[in-house]
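One structure below.
The values are calculated or read from the model by the stated rules, or taken from the named source; none is laboratory data. Since we're looking at a predicted model, the values are computed, not measured. Here the Cβ is made from the backbone with ideal geometry for all residues, glycine too, and neighbour counts use every protein chain on show.
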Amino acid sequence: MSTRNKEKLLIGPRVRRLRQSLALTQMQMAKELAISTSYLNLIERNQRPMSAKVLLRLLENYEIDLTQFSPDNDIQIVRELSQIMKNPTYQGAKISKLEIEDCVSASPDFARGFIALHNRVQDMVVQQSLRDDPLADRDKVEILEEGSGAVEAVRRFIHAERNYFDALDRAAEALADELNLADRQPNTALTDRLRSAHSVQVRIVPAEILPGQFSYYNPHAKRLDLSENLPQSGRRFRIAYQLALLEHRELIAAQINKAAFPNAEAEDLARVSLANYFAAATLMPYGRFYKAAQDTAYDVERLTRRFDTSYEQTAHRLTTLQRKNMRGVPFFFIRVDMAGNISKRFSAGRFHFSRFGGACPLWNIHACFQTPGETIPQIIEMPDGVQYFSVARAVLRPEGAHGQPAQMIAIGLGCELKNAHHLVYARDKLDGVATPIGVNCYLCERPACRHRAHAPINRKLKFDERSRDQSIFKFEP
């Protein structure tokens with residue numbers, strides 16, 4: 001939305017697309033909104049602003065979400081497009097920010113499609129850079145390319161839904177209420193449900209029976225085996241996961257059908273992801289969890305104790321609090337191993353993750369391995385100027401036996417700095433200096449970074465035999 005019109009709600013193209021999607025003529029919609037056809041015509045051509053009164057009628061009549069017309073959505077797209085236009089590839093176009101704002105206002109779907117296309121091209125360039133790098137793990141790149149279709153399709157699907165699935169969340173909350181999980185031991189209640197409703201027996205078995213596995217469901221024997229290596233939080237999660245597939249497979253299938261995935265592999269991955277979502281929503285039902293998160297100022301440690309869940313499960317659940325009229329802070333979530341590999345990432349906001357090459361080494365998601373069990377806060381700033389408040393904590397996964405060291409992973413959780421005042425971790429820390437970071441070295445355009453490991457793919461390099469800079473990769477900013 002153009003800055004010149006920021007005081008007025010000029011949303012004509014969006015109103016026109018809504019009307020056309022409902023197969024309404026201007027005369028029909030104008031009648032339902034109690035305005036003249038000529039006035040609606042002026043609104044659709046952005047020659048008149050949308051008044052608050054007419055906007056309320058629009059929302060009531062067609063049961064749409066106000067966020068569809070929120071300027072914040074446009075601001076995010078404008079920022080992403082403006083950043084993309086700094087790429088040397090587009091410099092000859094000389095597109096002003098004002099033109100970008102007008103384009104986003106008139107055709108937000110086209111703008112999103114262009115951003116997705118640009119990001120896909122960048123992914124391909126990074127893949128090629130990794131393949132050509134003799135020090136890169138080329139086998140891993142090939143595996144990424146082979147499996148990225150299904151994985152990325154599901155990630156895009158989850159991101160498009162803002163990591164929230166209302167029908168599944170409400171069904172899980174209803175199950176939690178029915179089983180009275182607020183007062184009963186979840187393990188007992190969930191196990192009883194499997195036995196009474198589905199004749200499925202839950203067994204805790206020696207690790208040798210399930211080598212390399214934590215759980216296995218045998219539909220013929222009507223038995224769910226759980227490894228003794230699983231902690232209590234993992235056991236109840238697997239039981240809730242199985243209940244999701246037994247009781248709400250059709251509900252999950254409806255979500256998958258709506259997504260129109262490109263192949264069976266993506267559908268299978270989406271089914272697992274949505275069943276996991278249901279499990280978390282059962283153990284941390286929306287209403288109770290949302291209130292607890294508000295009451296504790298999003299204290300992950302306290303929430304883990306209150307709901308008897310793991311730190312990772314709890315932090316991940318915080319990213320899903322996006323129910324209409326009961327939204328939590330829009331968090332992003334990331335899981336990183338000690339080698340810097342990103343194995344899990346979700347965002348209810350607009351934080352941009354890297355698909356290849358790891359995360360920026362200046363982000364404390366890496367440093368927290370030095371102090372496991374301690375939550376480390378940090379203010380970070382991305383190249384587009386947006387600042388975030390993040391916390392990182394290294395945690396141990398206790399699954400295993402003697403001779404099998406527990407896996408240590410880092411969990412990062414964060415939000416835009418403007419929302420950080422809601423967090424217990426941000427008290428007395430919002431006046432700190434932001435650390436400038438990039439998406440990763442391949443995509444970062446910050447010059448003279450001593451931590452840079454790879455050359456940026458979007459800049460022409462310069463080498464000077466007479467000097468040695470902090471980074472060997474010198475380029476114009």
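Side notes on the structure shown:
- Against the test of being assigned to a loop (DSSP other than H, G, I, E, B) and not assigned by TED's automatic domain parsing to the domain that holds Glu374, the options Phe237, Phe261 yield a single qualifying residue, Phe261.
- Taking the listed residues Leu283, Leu318, the one that is surrounded by 18 or more Cβ atoms within 10 Å (Cβ to Cβ), closer than 19 Å to Tyr164 by Cα and in contact with a Pro (Cβ under 7 Å, 6 or more places away or on another chain) is Leu283, with no other qualifying.
- The set of residues from segment 460-477 being part of a loop (DSSP other than H, G, I, E, B) and modelled with pLDDT of 70 or more comprises Lys460, Arg466, Phe473.
- Within segment 406-450, the set of residues being part of a loop (DSSP other than H, G, I, E, B), within 26 Å of Met338 (Cα to Cα) and modelled with pLDDT of 90 or more comprises just one member, Ala434.
- Inside segment 369-399, residues that are more than 30 Å from Ala207 (Cβ to Cβ), touching a helix residue (DSSP H, G or I) at 6+ places or on another chain (Cβ under 6 Å) and not aromatic (Phe, Trp, Tyr) make up a count of 7.
- Criterion (crowded, with 21+ Cβ neighbours inside 10 Å, small (Gly, Ala, Ser) and within 30 Å of Pro211 (Cβ to Cβ)) met by exactly one of Ala244, Ala293: Ala244
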